[in-house]
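The block underneath contains the structure these notes are about, expressed in structure tokens.
The values are calculated or read from the model by the stated rules, or taken from the named source; none is laboratory data. Just so we're clear, the structure is a prediction, and the values are computed from it rather than from any experiment. Positions of Cβ are generated from backbone atoms using ideal geometry, with glycine treated the same way; all protein chains shown enter the neighbour counts. Note: accessible area is taken over every heavy atom of the protein model, side chains too, but ligands, DNA and RNA are not part of it. Shrake-Rupley method; radii C 1.70, N 1.55, O 1.52, S 1.80 Å.
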Amino acid sequence: MNLSSVTVTAVGRTPDSLIKAVAKNLIVVILGISINFINTGLIHTFRKHQIFYMNPRYILFIHLVVNDMIQITLTLLLFVISYTIYRINVSICSIILMLAIFTDFNTPLNLACMALECFIAICFPLRHVQICTINRTLILIGLIWTTTMLSCLPDLFITLATVPLDFFHSKIFCLRENVFANPIILEKRDITYIVLLVIVWTTVFYAYFRILSTAQTASEDAKKARNTVLLHGFQLLLCMLTYVAPQLRDVLMQWFPQNSTDILFTYYIVIQVLPRSISWEPLIYGIRDKTFRKYLKKHLSC
């Protein structure tokens with residue numbers, strides 16, 4: 001994840017006026033709190049009803065919700081820090097960045113797993129219970145985190161090995177590029193993004209087209225699963241903008257340097273907030289899923 005999207009007062013750029021800075025922070029804070037408030041309601045609904053504990057689909061869904069709550073909270077924190085404290089301790093910055101990177105990587109992997117679960121449920125309904133067990137789902141979530149950490153922790157280890165330890169006691173503007181600036185890290189990150197794109201998109205496309213072929217002559221559930229995977233693909237497309245949009249952002253900032261803070265603010269909203277606003281997915285689980293909708297209505301009525 002390119003976390004330069006969380007700053008609107010980058011070094012060497014003209015800062016916003018007080019009114020514009022307050023307005024942007026209010027918009028970001030309100031959006032972040034609103035998304036997390038809705039996500040909290042979904043988590044509460046899940047936690048109160050044991051029926052969801054026994055379904056791998058809802059376990060993967062709630063893991064996605066919790067993951068994105070952490071993500072939006074961390075990026076919101078960095079956004080506000082960029083306007084207030086401005087510079088923070090490198091060690092604290094590293095912890096925040098690593099957690100934000102972990103959760104950012106988790107999202108597409110989780111979406112791919114949810115697409116596979118839909119594929120198995122529709123294409124192999126008789127074997128779904130044997131394949132998608134609760135224990136295997138929890139192991140899968142553990143593998144998601146393990147894969148993410150193995151992909152991202154080398155950045156920290158390379159930095160520890162190549163910079164003086166005094167660097168971690170200094171204060172900097174908290175950006176990924178400022179902490180993990182080694183060229184090896186940048187090259188590794190690009191390769192990791194490409195591999196992740198290929199694996200995740202291959203999985204989603206495969207699941208979608210297999211479900212699509214089944215849905216032509218099958219039940220309403222198959223058609224609903226097809227639409228669900230399609231919505232997962234749309235959210236995945238928004239999440240993947242994280243990996244390709246930085247180049248467009250840099251070009252726009254070179255062309256319109258006087259609007260650099262506005263470009264960064266728009267970049268943050270589109271790349272960080274918008275995908276997470278869809279990840280609470282009332283369209284998919286809160287409204288479209290009959291079981292979750294029933295219990296969610298009970299929770300909202302209370």
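Check whether at least one residue in the stretch 125-133 is out of contact with any Leu (no Cβ under 9 Å at 6 or more places or on another chain), exposed (fewer than 13 other Cβ atoms within 10 Å of the Cβ) and at pLDDT below 85, and report yes or no. Checked the stretch 125-133: at least one residue is out of contact with any Leu (no Cβ under 9 Å at 6 or more places or on another chain), exposed (fewer than 13 other Cβ atoms within 10 Å of the Cβ) and at pLDDT below 85.
Selection of first residues in the stretch 140-157 that are more than 19 Å from H63 (Cα to Cα) and of second residues that are outside any helix (DSSP H, G or I), restricted to Cβ pairs under 9 Å at least 6 apart or on distinct chains, gives the following pairs, ordered by first then second residue: D155/F180; D155/N182; L156/F180. Report whether or not N25 is open to solvent by less than 10 Å² (accessible area, probe 1.4 Å) and either farther than 30 Å from L160 by Cα or not in a helix (DSSP H, G or I) (or both). It is false that N25 is open to solvent by less than 10 Å² (accessible area, probe 1.4 Å) and either farther than 30 Å from L160 by Cα or not in a helix (DSSP H, G or I) (or both). No other residue among I95, I81, I33 is in contact with a helix residue (DSSP H, G or I) (Cβ under 9 Å, 6 or more places away or on another chain), more than 23 Å from E117 (Cβ to Cβ) and free of Cβ contacts under 8 Å to residues at least 12 places away in the same chain apart from I33.
State yes or no: is I101 modelled with pLDDT under 90 and either farther than 30 Å from T159 by Cβ or open to solvent by less than 10 Å² (accessible area, probe 1.4 Å) (or both)? Here the answer is yes, as I101 does meet what is asked. In the set (1) surrounded by 12 or more Cβ atoms within 10 Å (Cβ to Cβ); (2) over 28 Å from I191 (Cα atoms), the condition left unmet by L153 is number (2). Screening T148 on (1) surrounded by 16 or more Cβ atoms within 10 Å (Cβ to Cβ); (2) outside any helix (DSSP H, G or I) shows it passes everything except condition (2). Screening the stretch 75-93 for residues that are of a type in the set (S, T, N, Q) and modelled with pLDDT of 85 or more and picking the one that is surrounded by the fewest Cβ atoms within 10 Å (Cβ to Cβ) gives S91. When Y53 is tested against (1) modelled with pLDDT under 85; (2) within 14 Å of the chain's Cα centre (by Cα), only condition (2) is not met. Applying a threshold of 7 Å to beta carbon distances and a minimum spacing of six or more residues, or different chains, the list of pairs starting in the stretch 256-268 at a residue that is free of Cβ contacts under 8 Å to residues at least 40 places away in the same chain and over 17 Å from L18 (Cα atoms) and ending at one that is surrounded by 15 or more Cβ atoms within 10 Å (Cβ to Cβ) and of a type in the set (A, V, I, L, M) reads F256/I263; I263/L252; I263/M253. Consider the stretch 140-185 and keep the residues that are of a type in the set (F, W, Y) and more than 25 Å from the chain's Cα centre (by Cα). The one that is farthest from I95 (Cα to Cα) is F167. In this entry, I72 passes the filter for residues that are open to solvent by less than 10 Å² (accessible area, probe 1.4 Å) and touching a Lys or Arg at 6+ places or on another chain (Cβ under 7 Å). Regarding the stretch 120-138, can at least one residue be identified that is assigned to a helix (DSSP H, G or I) and under 18 Å from the mean Cα position of the chain (by Cα)? No, every residue in the stretch 120-138 fails to be assigned to a helix (DSSP H, G or I) and under 18 Å from the mean Cα position of the chain (by Cα). Condition test on N39, is it in a helix (DSSP H, G or I), open to solvent by less than 10 Å² (accessible area, probe 1.4 Å), in contact with a Phe, Trp or Tyr (Cβ under 6 Å, 6 or more places away or on another chain) and not β-branched (V, I, T)? In short, yes. Quick check, is H49 within 14 Å of L140 (Cβ to Cβ) and open to solvent by 10 Å² or more (accessible area, probe 1.4 Å)? The answer is no for H49. Does the stretch 189-211 hold any residues that are open to solvent by less than 50 Å² (accessible area, probe 1.4 Å) and more than 28 Å from I122 (Cβ to Cβ), and which are they? Those that are open to solvent by less than 50 Å² (accessible area, probe 1.4 Å) and more than 28 Å from I122 (Cβ to Cβ): R189, T192, Y193.
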